[in-house]
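Asks: First the structure, then my questions, so here it is.
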Amino acid sequence: MKNRIHFFDTTLRDGEQSPGCSMTHHEKLALAHSLADLGVDILEAGFAIASDGDFAAISAIAEDVRGPKIASLARARREDIERAARAVEKAKRPRIHVFLASSDIHLEYKLKIDREEALDQAANMVALARTYVDDVEFSPEDATRTDREFLCQFVGAAIASGATTINLPDTVGYATPEDYAAMFRTVQERVPGADRVILSTHCHNDLGLAVANTLAAVAAGARQVECTINGIGERAGNAALEEIAAALRVRADVYPYEHNLKMERLYPVSRQLAGTISFGPAPNKAVVGGNAFAHEAGIHQHGVLSNPLTYEIMTPVSVGVPANRMVLGKHSGRHALRSRLETLGYRLSTADLDIAYRAFTELADRKKAIYDQDLINLVAHHRRHEDLIATEKVS
Ligand code: KIV
Ligand code: ZN
């Protein structure tokens, strides 16, 4: 299916390996089940050789979680591949994800090998992984800073050795949408066999471009997207799964692709992750941030109360957020105040609403946010002083 996008979730691997994100065995298993319910196609459960804990978590996920393919990461080394193979052996559809750096800076300073040696190592280790599983992904690490000619050779060698998915990571978040897309086009044009494999994106967010780069690559032919819930991951994080999914849904006119995600599961999974690790998404984070569907400015509140589409490009419910949130503050108008008072059970005449609104704006000048209890106190205060005449409890 040419227009099907495969979501590869790496929250439990690239996400978990970043500061403040470590998870216990049970937390990983619980999240893996939720990611399966969300409908991810491939779940990278960890890096089997990294620790006994990682190995145990991958094995448990492989045994317990049904739906997605279960992957373990492995360096292009025999011992890593053997350990990854053992970790995923109970999975119904196991995958080994082999990676080896391809940029000169990584080859020279990190691996201390030359291009020829890297080429042999990639080919031999992909072939080894294929002796364990039919589904092998290969990633030339730091692909975006790799000489294009060599990248094509490298990827060609991995395909010839049996790789079924080729991932082109922007490991250091250096790419722009134009050059990331161009790299995918080059690989498809120049590498024999590229049409037989799935091409994959893997973007880091150092320049805040991870999602834009991912979408640019999709438009250029990539059909697997690697991403994490809430965009957690190394340094500035990985491309956020919920943002890619929302962009594909809201801008289906530009991105006419299908996928398997249950959109209304996005927010619950985001909350689950936030409750598991040591931080949640920033309030202004797209799709799942606390303010993503909140409106404080009076003009916006009036618009949204009349028709949510005035200021919302998707409904909160469509991504699992219970409802849009009218935040009452000094920018709020009468419409929002009336609506909130009605929700709280008070129906006010226009004259009384004026009195309540004056009292509300005085309070809002002193307080940053106005909570329901403040409004209840405000109504009660004015009733006691009999200047708020006809408040009526709505049943
Ligand atoms: O960012 C990266 O290059 C990675 C690889 C292991 C795929 O996470
Ligand atoms: Zn990464």
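Asks: Among residues belonging to the range 211-223 that are surrounded by fewer than 22 Cβ atoms within 10 Å (Cβ to Cβ) and of a type outside the set (D, E, K, R), point out the one that is nearest to ligand 2 (Cβ to nearest atom). Reasoning before the result, please.
Replies: We begin by selecting, within the range 211-223, every residue surrounded by fewer than 22 Cβ atoms within 10 Å (Cβ to Cβ); these are 212, 219-221, 223.
Then drop every residue that is not of a type outside the set (D, E, K, R), which leaves 212, 219-221.
Details: A212: 17, A219: 21, A220: 20, G221: 21 Å.
If we take residues in the range 211-223 being surrounded by fewer than 22 Cβ atoms within 10 Å (Cβ to Cβ) and of a type outside the set (D, E, K, R), then A212 is nearest to ligand 2 (Cβ to nearest atom).
Asks: Which of the numbered conditions does L43 fail, given that it passes all the others? Conditions: (1) of a type outside the set (V, I, T); (2) open to solvent by 10 Å² or more (accessible area, probe 1.4 Å); (3) closer than 14 Å to L261 by Cα.
Replies: The failed condition is (2).
Asks: All but one of (1) surrounded by fewer than 19 Cβ atoms within 10 Å (Cβ to Cβ); (2) in the same structural domain as I42 (by TED's automatic domain parsing) hold for M263, so report the exception by its number.
Replies: (1)
Asks: Let me ask you something else. When A57 is evaluated against the numbered criteria (1) more than 16 Å from ligand 2 (Cβ to nearest atom); (2) open to solvent by 20 Å² or more (accessible area, probe 1.4 Å), which criterion, by number, is the only one it fails?
Replies: Of the numbered conditions (1) more than 16 Å from ligand 2 (Cβ to nearest atom); (2) open to solvent by 20 Å² or more (accessible area, probe 1.4 Å), the odd one out for A57 is (2).
Asks: Checking the condition open to solvent by 50 Å² or more (accessible area, probe 1.4 Å) and either assigned to a helix (DSSP H, G or I) or at positive phi (or both), which residue from D365, D374 passes? Steps first, please.
Replies: On the way: D374 fails: open to solvent by 50 Å² or more (accessible area, probe 1.4 Å).
When all the criteria are applied, what remains is D365.
Asks: Give the residue, chosen from E117, E108, E137, E149, that is outside any loop (DSSP other than H, G, I, E, B) and crowded, with 24+ Cβ neighbours inside 10 Å.
Replies: Working: E117 fails: crowded, with 24+ Cβ neighbours inside 10 Å; E108 fails: crowded, with 24+ Cβ neighbours inside 10 Å; E149 fails: crowded, with 24+ Cβ neighbours inside 10 Å.
Exactly one residue qualifies, and that residue is E137.
Asks: Looking only at the range 60-81, decide whether some residue is touching a Lys or Arg at 6+ places or on another chain (Cβ under 6 Å), within 16 Å of ligand 1 (Cβ to nearest atom) and more than 27 Å from N124 (Cα to Cα).
Replies: no
Asks: Of the residues G290, G298, G345, which is surrounded by fewer than 20 Cβ atoms within 10 Å (Cβ to Cβ) and in contact with a strand residue (DSSP E or B) (Cβ under 6 Å, 6 or more places away or on another chain)?
Replies: Answer to the check: G345.
Asks: Tell me the residue from A246, A240 that is under 30 Å from L328 (Cα atoms) and either out of contact with any Gly (no Cβ under 9 Å at 6 or more places or on another chain) or open to solvent by 20 Å² or more (accessible area, probe 1.4 Å) (or both), please.
Replies: Details: A240 fails: either out of contact with any Gly (no Cβ under 9 Å at 6 or more places or on another chain) or open to solvent by 20 Å² or more (accessible area, probe 1.4 Å) (or both).
Result: A246 is the single residue among A246, A240 that is under 30 Å from L328 (Cα atoms) and either out of contact with any Gly (no Cβ under 9 Å at 6 or more places or on another chain) or open to solvent by 20 Å² or more (accessible area, probe 1.4 Å) (or both).
Asks: How many of the residues in the range 164-206 are closer than 23 Å to K69 by Cβ and in a loop (DSSP other than H, G, I, E, B)?
Replies: 4
Asks: Restricting the search to the range 1-37, which residues are in contact with a strand residue (DSSP E or B) (Cβ under 8 Å, 6 or more places away or on another chain) and more than 16 Å from ligand 2 (Cβ to nearest atom)?
Replies: Matches in the range 1-37: M1, N3, R4, I5, H6, K28, A32, L35, A36.
The values are calculated or read from the model by the stated rules, or taken from the named source; none is laboratory data. Just so we're clear, the structure is a prediction, and the values are computed from it rather than from any experiment. When we count neighbours, we look across all protein chains shown, and the Cβ atoms used for this are built from the backbone with ideal geometry, even at glycine. Surface areas here come from the heavy atoms of the whole protein model, side chains and all, with no ligands, DNA or RNA. Shrake-Rupley method; radii C 1.70, N 1.55, O 1.52, S 1.80 Å.
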